[in-house]
Number of protein chains: 2
Amino acid sequence: MIVGGGLPGEVADAVRDVPSGRSTPQRAAVLRVLAACPDFVSAQELHARLAADGVSIGLTTVYRSVQALERAGLLDVVRDDAEGRLYRRRPAAGHRHYLICRDCGRSQSVDADVVEEWAERVGECTGFSAVEHILELTGVCARCRVGS
Amino acid sequence: MIVGGGLPGEVADAVRDVPSGRSTPQRAAVLRVLAACPDFVSAQELHARLAADGVSIGLTTVYRSVQALERAGLLDVVRDDAEGRLYRRRPAAGHRHYLICRDCGRSQSVDADVVEEWAERVGECTGFSAVEHILELTGVCARCRVGS
DNA sequence: CGCTAGATGACAATGATTTCCACGTCCAGG
DNA sequence: CCTGGACGTGGAAATCATTGTCATCTAGCG
């Protein structure tokens with residue numbers, strides 16, 4: 001992975017969006033690696049990739065950075081039984097859902113408007129307020145089905 | 001909670017449904033307490049309730065029992081950031097979704113036919129097979145909103 | 001340049017879950 | 001009734017992601 005050179009403008013923008021955040025080399029590095037990862041990664045894996053890129057950063061800081069990014073809404077999060085939380089840069093503003101391959105881990109975002117609307121309606125009908133939802137889809141992608 | 005007396009027939013039936021399972025007092029007790037819990041409970045809480053009921057059972061066995069029940073499809077499972085996995089007896093055959101109060105933990109099952117259909121269609125359109133989904137809805141129930 | 005709130009990171013702590021392993025219990029066959 | 005093996009049990013130890021602690025560092029401001 002190429003790590004030299006200046007930050008892509010997009011990453012710089014994202015750094016700026018983190019609330020109450022000071023710009024530090026570590027945070028920039030976290031975002032940079034995250035931006036280079038097409039699929040979900042765990043905090044631990046992120047830490048390993050940063051180390052592999054020659055970035056000196058503590059695991060604690062990785063966790064804190066990811067938390068800050070999550071709060072800022074810049075990351076999507078899924079939970080994996082084996083690896084704990086997995087993070088991925090949110091490609092666009094708003095709320096997304098993913099279909100993740102149980103074999104290879106590749107993810108693909110899906111259009112979930114139907115679900116969004118439904119969830120909202122459920123909130124209205126049940127007397128619950130501030131309804132939030134987590135939706136995780138898993139399956140076996142075409143490539144893995146052929147391969148195995 | 002009353003624990004004496006024979007098993008309700010329903011629980012006995014459920015015990016029988018667990019595959020590769022021998023019927024033991026511990027497993028029966030787990031199912032009995034589970035059947036008496038209207039809301040989701042953690043394995044730890046289950047263990048505490050069993051102890052409170054005077055049932056001598058190890059935490060390990062509680063974990064093994066809920067695992068077996070989960071595999072047998074007799075339990076619904078949700079994940080909670082604070083408490084880990086939460087279990088609840090599945091009221092009927094098939095797949096259900098729940099709306100859980102973030103304050104008091106009370107749960108309410110919701111009709112999710114729309115989501116089921118949608119998930120199925122997503123599987124067909126994306127080339128993924130064996131698509132499964134996890135949907136967790138959280139909110140604040142009417143009672144908690146008033147109370148706080 | 002010097003100050004200070006915020007950031008960092010090595011390390012310890014936490015807490016749910018799993019693994020280990022010695023022991024108990026049930027059942028079939030002798 | 002005895003015996004052997006398979007399965008179940010449970011306490012303790014191990015695992016492992018995640019969070020807390022705290023001394024040290026540094027970005028950003030005046």
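The values are calculated or read from the model by the stated rules, or taken from the named source; none is laboratory data. All values reported here derive from a predicted model rather than from experimental measurement. Ideal geometry is used to build each Cβ from the backbone, glycine not excepted, and the neighbour counts take in all protein chains shown. The protein model used for the area step is the full one, side chains on, heavy atoms only, and it has no ligands, DNA or RNA in it. Shrake-Rupley method; radii C 1.70, N 1.55, O 1.52, S 1.80 Å.
Numbers at a glance
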quantity	calculated
Within the range A:53-69, considering residues that are under 24 Å from A:PRO91 (Cβ atoms) and not β-branched (Val, Ile, Thr), the one nearest to DNA strand D (Cβ to nearest atom)	A:TYR63
In the range A:81-93, residue farthest from the other protein chains (Cβ to nearest Cβ) [restricted to those that are surrounded by 14 or more Cβ atoms within 10 Å (Cβ to Cβ) and either without any contact (Cβ under 8 Å) to a residue 40 or more places away in the chain or more than 15 Å from DNA strand D (Cβ to nearest atom) (or both)]	A:ARG89
Pairs with Cβ under 6 Å, 6+ apart, first in the range B:60-78 and within 14 Å of chain A (Cβ to nearest Cβ), second within 15 Å of DNA strand D (Cβ to nearest atom) and not in a helix (DSSP H, G or I)	B:VAL77/B:ARG85
Of all residues making up the range A:128-148, the number that are in a helix (DSSP H, G or I) and within 7 Å of chain B (Cβ to nearest Cβ)	2
Whichever residue in the range A:108-127 is open to solvent by less than 20 Å² (accessible area, probe 1.4 Å) and outside any helix (DSSP H, G or I) and, among such residues, is farthest from the other protein chains (Cβ to nearest Cβ)	A:ALA112
One residue from A:ARG96, A:ARG102 being open to solvent by 20 Å² or more (accessible area, probe 1.4 Å), at pLDDT below 85, farther than 19 Å from A:ARG49 by Cα and within 9 Å of chain B (Cβ to nearest Cβ)	A:ARG102
Selection within the range A:80-101 - of a type outside the set (Gly, Ala, Ser), in a loop (DSSP other than H, G, I, E, B) and within 13 Å of the chain's Cα centre (by Cα)	A:ARG90, A:PRO91, A:HIS95, A:ARG96
Test: residue in the range A:70-79 that is part of a helix (DSSP H, G or I) and more than 9 Å from DNA strand D (Cβ to nearest atom)	yes
Options A:LEU86, A:LEU74, A:LEU69: the member that is touching a strand residue (DSSP E or B) at 6+ places or on another chain (Cβ under 9 Å), at negative phi and more than 15 Å from DNA strand C (Cβ to nearest atom)	A:LEU86
Among the residues listed as B:LEU46, B:LEU59, the single one being within 15 Å of DNA strand C (Cβ to nearest atom) and surrounded by 15 or more Cβ atoms within 10 Å (Cβ to Cβ)	B:LEU46
